[in-house]
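In what follows, a single structure is set out as structure tokens and then discussed.
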Amino acid sequence: MKIVGTINKDIVPELLKLDISKTYVCEIKEPKSKRSLEQNKLLWRLVHLIAKSTLQDDMEVYCTALERADALSDYVITATDMENALRKSFRGVRFMRMQEVNGKDCYVYKVYLGSSKMSVKEMTELLEIVFQMCAELEIPTMEDLYE
């Protein structure tokens with residue numbers, strides 16, 4: 001049996017249902033602050049505006065912002081084109097180049113965990129970079145963009 005919830009009046013009745021003849025392990029921890037839905041909505045609205053202005057796709061702009069933010073990334077080398085498969089595991093995927101490995105042509109990708117794993121602070125920093133990108137292109141960033 002697994003009980004997950006915040007400690008409040010709702011969890012106590014569930015705890016009282018436990019078999020007291022058994023031993024249980026209990027983990028209590030403070031929740032991590034995740035980026036807000038409002039931040040996420042604003043990020044993608046601005047990314048889309050930048051992409052539209054620069055004739056790029058949203059993912060290319062997003063990866064550029066992640067790169068400027070020095071977001072956590074890694075490189076993956078594959079024998080075949082695996083971009084779509086990599087997108088299932090990583091939020092940001094950027095094809096970098098073809099490279100010969102052991103006499104075979106391989107694909108090199110830079111992959112990012114992306115903003116969904118960021119804290120509010122990290123997301124705020126990413127948004128600041130996107131705001132800078134907008135300013136460079138003279139794209140307005142009024143608060144009503146995400147309302």
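The values are calculated or read from the model by the stated rules, or taken from the named source; none is laboratory data. None of these values were measured; they are calculated from a predicted model. Because the Cβ atoms are built from the backbone with ideal geometry, glycine has one as well, and the counts that use them run over all protein chains shown.
Structure above, values below:
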quantity: Given (1) of a type outside the set (Lys, Arg); (2) surrounded by 17 or more Cβ atoms within 10 Å (Cβ to Cβ); (3) without any contact (Cβ under 8 Å) to a residue 60 or more places away in the chain, index of the condition LEU43 fails; calculated: (3)
quantity: Members of the range 98-120 found to be loosely packed, with under 11 Cβ neighbours inside 10 Å and within 15 Å of ARG87 (Cβ to Cβ), listed by number; calculated: SER116
quantity: When residues of the range 138-147 are limited to those that are at pLDDT 85 or above and either surrounded by fewer than 13 Cβ atoms within 10 Å (Cβ to Cβ) or under 23 Å from the mean Cα position of the chain (by Cα) (or both), the one farthest from LEU43 (Cα to Cα); calculated: GLU138
quantity: Subset tally (residues that are part of a strand (DSSP E or B) and in contact with an Asp or Glu (Cβ under 8 Å, 6 or more places away or on another chain)) for the range 63-95; calculated: 4
quantity: Of all residues making up the range 77-94, the number that are surrounded by 12 or more Cβ atoms within 10 Å (Cβ to Cβ) and either within 15 Å of SER115 (Cβ to Cβ) or of a type outside the set (A, V, I, L, M, F, W, C) (or both); calculated: 8
quantity: Residues located in the range 96-129, provided they are of a type outside the set (A, V, I, L, M, F, W, C), assigned to a helix (DSSP H, G or I) and over 15 Å from MET59 (Cβ atoms); calculated: LYS117, LYS121, GLU122, THR124, GLU125, GLU128
quantity: Unmet criterion (only one of (1) surrounded by fewer than 12 Cβ atoms within 10 Å (Cβ to Cβ); (2) under 24 Å from LYS52 (Cβ atoms)) for LEU126; calculated: (1)
quantity: Test result for GLU60, of a type outside the set (S, T, N, Q), over 21 Å from PRO140 (Cβ atoms) and assigned to a helix (DSSP H, G or I); calculated: yes
quantity: VAL61 vs. criteria closer than 30 Å to SER36 by Cα and in contact (Cβ under 8 Å) with a residue 60 or more places away in the chain; calculated: yes
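Rundown of residues vs (1) modelled with pLDDT under 90; (2) within 29 Å of SER36 (Cβ to Cβ), yes/no style:
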{"residue": "TYR107", "(1), (2)": "no, no"}
{"residue": "LEU113", "(1), (2)": "yes, yes"}
{"residue": "MET118", "(1), (2)": "yes, yes"}
{"residue": "VAL130", "(1), (2)": "no, yes"}
{"residue": "GLU136", "(1), (2)": "no, yes"}
